[in-house]
1. So is I16 of a type in the set (A, V, I, L, M, F, W, C), open to solvent by 60 Å² or more (accessible area, probe 1.4 Å) and modelled with pLDDT under 85 or not?
2. Looking only at the range 35-48, which residues are open to solvent by 70 Å² or more (accessible area, probe 1.4 Å) and within 16 Å of the chain's Cα centre (by Cα)?
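The values are calculated or read from the model by the stated rules, or taken from the named source; none is laboratory data. All of these numbers come straight from a predicted model, not from anything done at the bench. Only protein heavy atoms, including side chains, enter the accessible area calculation; ligands, DNA and RNA are left aside. Shrake-Rupley method; radii C 1.70, N 1.55, O 1.52, S 1.80 Å.
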Amino acid sequence: MNGLGLLSAVAFDPAIRGVMVVVVSTLVWGGSLYTILMTNTGVRVGFLISMSATFGWCFLMGIIWTIYGIGLI
């Protein structure tokens with residue numbers, strides 16, 4: 001299957017399209033933040049800052065979902 005056929009198959013399936021939109025937007029958002037941090041602090045420190053912020057956000061969201069019970073229903 002060529003790329004055009006795969007693209008047209010994805011265009012008609014809303015579930016796959018929704019997952020792809022979330023994955024691509026997350027990668028673009030994370031990549032742009034990492035690029036900004038990398039240019040200002042260096043490659044290694046930029047990676048450490050971006051990963052610590054990501055894991056910190058995940059930890060806080062996990063605590064909030066545990067306390068208030070607003071996870072996946």
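1. Answer is yes for this residue.
2. Residue satisfying the conditions is F47 alone.
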